[in-house]
1. Which residue pairs have Cβ atoms under 7 Å apart, sit 6 or more places apart or on different chains, and have a first residue in region 65-90 that is part of a loop (DSSP other than H, G, I, E, B) and a second that is buried (at least 18 other Cβ atoms within 10 Å of the Cβ) and modelled with pLDDT of 90 or more?
2. Being among the small types (Gly, Ala, Ser) and within 25 Å of the chain's Cα centre (by Cα) is the filter here, so list the residues in region 76-117 that pass it.
3. State yes or no: is ARG129 assigned to a helix (DSSP H, G or I), in contact with a helix residue (DSSP H, G or I) (Cβ under 7 Å, 6 or more places away or on another chain), among the basic types (Lys, Arg) and without any contact (Cβ under 8 Å) to a residue 60 or more places away in the chain?
Amino acid sequence: MPSGRTHDRITLWCLPAVAALAFGQTQSSNLTLLVSGSYLFGGLMFGPDLDIYSCQYQRWGWFRSIWLPYQKSLNHRSFLSHGPLIGTALRVLYLASWILLLGICGAAIAEKVGNVRWNWEEATANYGRSIWEHRTEMFAVYVGLELGAMSHYLSDWSGSAYKRFKKQGWSGLHSRSKIKRPRRKPTSRPPAKSRK
């Protein structure tokens, strides 16, 4: 499995190709910017390794604690974190839940402290209408996030395949068996001395 720095390099090296592909498909500089920006965000801060203490996790700074429940509920490299489409969708839903929760708390505090009237039904309707009106832009952002994550798990998978090839030859690429690592022998500890 490549290191965090290697993943970052792969993300940065692939950025020109992602931007060119996005512009070639959309012929729109706005959509290209959305895809490219979300690709960088997806590769550097919002990728599959948020399920462990990683570079991506550390880049969240003060906000990294919001990812602790995510880490505790998923196994590293599980399908839910490293799976195509599903991993990115789950992270988007997870982050959106936090943003929604903080937004509701902030609005409730503003309503109580600031004597501000908040129409929850109108706010929800406006939010839904905004998502519908900007669905193309939202799709472009999701594609960029998925491409950023894809650069990560494809490099993980290709690195694992290369290790299997080195260890088992061509048969290692055809089988889905994992590399067997030798078990460590338990070390015998000296008996604890009783304190007097």
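1. These pairs meet every condition: LEU85/GLU146.
2. If the condition is that a residue be among the small types (Gly, Ala, Ser) and within 25 Å of the chain's Cα centre (by Cα), then SER78, SER81, GLY83, GLY87, ALA89, ALA96, SER97, GLY103 are the ones that fit.
3. no
The values are calculated or read from the model by the stated rules, or taken from the named source; none is laboratory data. All figures in this text were calculated on a predicted structure; none of them were measured in a lab. A quick note on method: Cβ atoms are made from the backbone with ideal geometry, for glycine too, and the neighbour counts reach across all protein chains shown.
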